[in-house]
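To start, the structure itself, in structure tokens.
The values are calculated or read from the model by the stated rules, or taken from the named source; none is laboratory data. From a predicted model like this one, the values you see are computed outputs, not experimental measurements. Heads up, the Cβs are rebuilt from the backbone with ideal geometry, glycines too, and the neighbour counts pull from every protein chain shown.
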């Protein structure tokens, strides 16, 4: 089970945890409803009745008038949903709940009192809501001698504003006697004698009714009499109760499935021992508990669905930021720092999101810096390698360039030492001087190129018209070109080309381009061209191999790998490149249809 649970996503885990916690809580609540609520509710009702009977007993001992006592009994019955009665020490009924109607007849005479015990349990009667000063017509029949002496009558029907209530009980008993002047009628339906009824109209002086709730829960009068008879029997059988103490038990009527919780308190009033009985119908409690259980099943079904939805929403609300943070960290693991956490809460998850975003930003910046540093290091390494290669090539070239003239000078110097003929001495000396000049020229070019590459040379920039400089150089090379059989063409624009440059150095660049063109042209053309944008020197001849175009500007670089001596130091184009770099000029070399073209443009 643990292994299976560990494979679930965090959303499922939190959902299951919260759902089962809610379900456990709901299950405990249902257990309480089904098995404990009934006992608790019955205990609560019994406790309330016990408190009410204490309050009633304290009030009852202070009352003397029968109407006040009946009002108190009705009031406490309405408040506690129990039926109250008072009996004597020998079991005689003294007082019990009596709902009464007192009217003043329209034709005068004494007020008449009617018992409403049969009426108050009728929902239609209670809905009529009789009150003091209402006008009613009551049809009634008197009861036996005992109640006649108390002037209490049983109503058969009550009329009020077109509404009629009628009892469904027929008074046919030998105990009933007619009023004076009334003759009994014979009921042919059951063969018993009944009596003519009396009617009276009048105004309600007083009315005692149960509360709407109590009218549905109050004990029936005959059931109360049965319980009181049961208590009388218990007294007769010797059940004892201490003064101001309470005795509780349950009564089960033999003819139906009902039960009553009876609480009896023994009191002393005016020197007499009396018992106050509070009768609580348990069927009403059972019906309430059954209704609660039925409702609890409905609530359980609804709560089950709601708990599942709430657990799902709650789990997603908690895990969504975690899932988002996990997604961001997955991207970070792949060095993708473009995504950021959008959690805006101020709790621990919000702080974690901010930390992840800050860590992502710092990692992104650090990795970029490392990449830049690595790229720079690679470039530096490549540059060092290139410099090392150039150094080796430079040493080889310098060694070659210096070795040849030194060998020549040594050979001719040894010839002079060996005593060559007088006619050869002058030629040997001239050769030694020429080679010395070549070495001097090479060394000067090397020093100049070194100064240019190190940036130690300062430019003497001034405003010049480049047309003057180009025409001057073209005039200088006309005679050498003609001697070599080369046609020199000078194409200069008509408008002035004013630029700021070091005239001496730029002149050296153009001279190098022209000298290089002459070396590589045989019986062809050289075109020196000047436009507003650039200056170029193009010669007819062989193309430079594509792989050598970028290397042509290097020191001592020669396309002819045999390094045959041609009177050049091999530094002219390298010096030209460095001069143009100091002027921030763009320069190029490219193959054209007739040959090769060198050019540059000053800013």
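What to note about this one:
- Members of region 527-557 that are part of a loop (DSSP other than H, G, I, E, B), in contact with a helix residue (DSSP H, G or I) (Cβ under 9 Å, 6 or more places away or on another chain), without any contact (Cβ under 8 Å) to a residue 60 or more places away in the chain and closer than 22 Å to residue 579 by Cα: 552, 553
- Any hit, region 507-514, residues being surrounded by 15 or more Cβ atoms within 10 Å (Cβ to Cβ), more than 15 Å from residue 472 (Cα to Cα) and either at pLDDT 90 or above or in contact with a helix residue (DSSP H, G or I) (Cβ under 6 Å, 6 or more places away or on another chain) (or both): no
- Residues of region 68-97 classified as surrounded by 14 or more Cβ atoms within 10 Å (Cβ to Cβ) and over 60 Å from the mean Cα position of the chain (by Cα), total: 17
- Test for residue 232: is it at pLDDT 60 or above and surrounded by 17 or more Cβ atoms within 10 Å (Cβ to Cβ): yes
- Residues in region 298-319 that are surrounded by fewer than 14 Cβ atoms within 10 Å (Cβ to Cβ) and under 16 Å from the mean Cα position of the chain (by Cα): 313, 316, 317.
- Residue in region 20-41 that is out of contact with any helix residue (DSSP H, G or I) (no Cβ under 7 Å at 6 or more places or on another chain), within 30 Å of residue 243 (Cα to Cα), in a helix (DSSP H, G or I) and modelled with pLDDT under 75 present: yes
- Residues of region 461-486 that turn out to be surrounded by fewer than 11 Cβ atoms within 10 Å (Cβ to Cβ) and not in a helix (DSSP H, G or I), as a count: 3
- Residue within region 567-576 that is at pLDDT below 65 and surrounded by 16 or more Cβ atoms within 10 Å (Cβ to Cβ) present: yes
- Residues of region 208-228 classified as modelled with pLDDT of 80 or more and under 21 Å from residue 57 (Cα atoms), total: 4
- Exactly one residue among 143, 152, 156 is modelled with pLDDT of 85 or more, surrounded by 14 or more Cβ atoms within 10 Å (Cβ to Cβ) and in the same structural domain as residue 75 (by TED's automatic domain parsing), and that residue is 156.
- Qualifying residue in region 345-355 (condition: modelled with pLDDT of 80 or more and within 46 Å of the chain's Cα centre (by Cα)): yes
- Residue within region 488-499 that is surrounded by 20 or more Cβ atoms within 10 Å (Cβ to Cβ), part of a helix (DSSP H, G or I) and either without any contact (Cβ under 8 Å) to a residue 40 or more places away in the chain or touching a helix residue (DSSP H, G or I) at 6+ places or on another chain (Cβ under 8 Å) (or both) present: no
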